[in-house]
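Beneath this line is the structure, given in structure tokens, with notes to follow.
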Amino acid sequence: MARLSGLLILLTALSLLVYGESASASNPHPHRGKVQPFKAGDPKVKLNAKAESLLASGKPYQTQIKNGNKGRGLVVQDINAPSDVVWGRILDLDNYSKFVPRTTISENYKVKGSNPQIIHTRMALSVVVTKMEFFIRHQYYPGKNSLIWTLDYDRNSDIDDSCGFWYVVPHPSNLSASRVFYSVEVSMFDWVPGIVMDILSKKALTEATGWVKKESEKKARAMGLEVGGGDTKQDKKKKDKKKKDKKKGKGKKKVDDEDSPPPPPPGPDDATLARRWFGVFAILGLVALNIFLFFENMSGGKKKD
């Protein structure tokens, strides 16, 4: 049974590699588009108190947007970095293979215009044993805070069809953060296994906003910007009030703490305690194993006698 399963996996992998070579920069795609492209601009998604609370905790919020008589999945994510930093990560298409999950190739082959800026990108994904290469035509509208895309139908892709959408705006109440909206629709050929479709459909939305959040906040920290919640408008008012109060109390005598006893040394943190307990349980486990083996050998010896 194990040999049969292994043979099936090998045959599936070989067949996918054969089909995966259909992508071509010199041949056109079989059609000029099946899925309806997104439009640039505000997706007009209403967020209730529950959604706002989820976003404030750092988690993504998933919802549906209408597309004719059906719906499309959409994810909203708050990011602790300014919008220009977030756009810098999203538009760094030449380097997606360095930080986007499962992306093995990402390189621009044509860039033109400014509003919209048209960016053609060759990309490749590796999912389980499946490798897919495809060609994307991005349209960046800085005036509409949007990036939309479809396949480049002048080139043949391993994906039947795809379109997507990014919308990035400053956070409504956090002065140093952004709010990101993302949606994508992908249509696969029949030869793509169901397991690959499940992985892409279930993880594509949250993985996309996840890597943008991670890389944007990482870049913001490298730039010396405040990351980790930032200042809301209310926080800014409090800080301004504290500054004013401090100026008023400049002439007051400061309390002398020189004679006060030094604070106690800090105890071990949670990670250190966890490592210590792990070591204790590992040693106890080894002791128990040795005792078990000892009695096992003893009982085996008695049986032989």
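The values are calculated or read from the model by the stated rules, or taken from the named source; none is laboratory data. Since the structure is predicted, the reported quantities are computational estimates derived from the model, not experimental observations. For accessibility, only protein heavy atoms count, side chains too; no ligands or nucleic acids. Shrake-Rupley method; radii C 1.70, N 1.55, O 1.52, S 1.80 Å.
Provide the per-residue ³J(HN,Hα) series for the stretch 141-155, in order, calculated from phi with Karplus coefficients 6.51, -1.76, 1.60 and θ = phi - 60°, each as a whole number of Hz, with x at glycine and proline positions.
10, x, x, 10, 6, 9, 10, 10, 7, 9, 5, 8, 6, 7, 10
Which three numbers, in whole Å and largest first, are the semi-axes of the equivalent ellipsoid of the stretch 43-124 derived from its Cα gyration tensor as √(5λ)?
One finds semi-axes of 28, 17, 14 Å for the stretch 43-124.
Taking only the alpha carbons of the stretch 126-196, what extent do you get along each of the three principal axes, in Å, biggest first?
47, 28, 15
Got a sec to turn the phi values of the stretch 176-187 into Karplus ³J(HN,Hα) couplings, 6.51 cos²θ - 1.76 cosθ + 1.60 with θ = phi - 60°, whole Hz, x for Gly and Pro?
Per-residue couplings from phi come out as 10, 10, 10, 10, 10, 10, 9, 8, 8, 10, 10, 10 Hz.
Can you put W166, W191 in order of accessible area, largest first, using a 1.4 Å probe?
Largest accessible area first, the list is W191, W166.
Using the Kirkwood radius over C-alpha pairs as Rh, can you work out the diffusion coefficient of the stretch 76-174 via Stokes-Einstein at 20 °C, viscosity 1.002 mPa s, in µm² per second?
148
Using modelled backbone amide H atoms (1.01 Å from N, in-plane), which distant-in-sequence or interchain residues come within less than 5 Å of N67's amide H?
Residues meeting the amide H criterion: R72.
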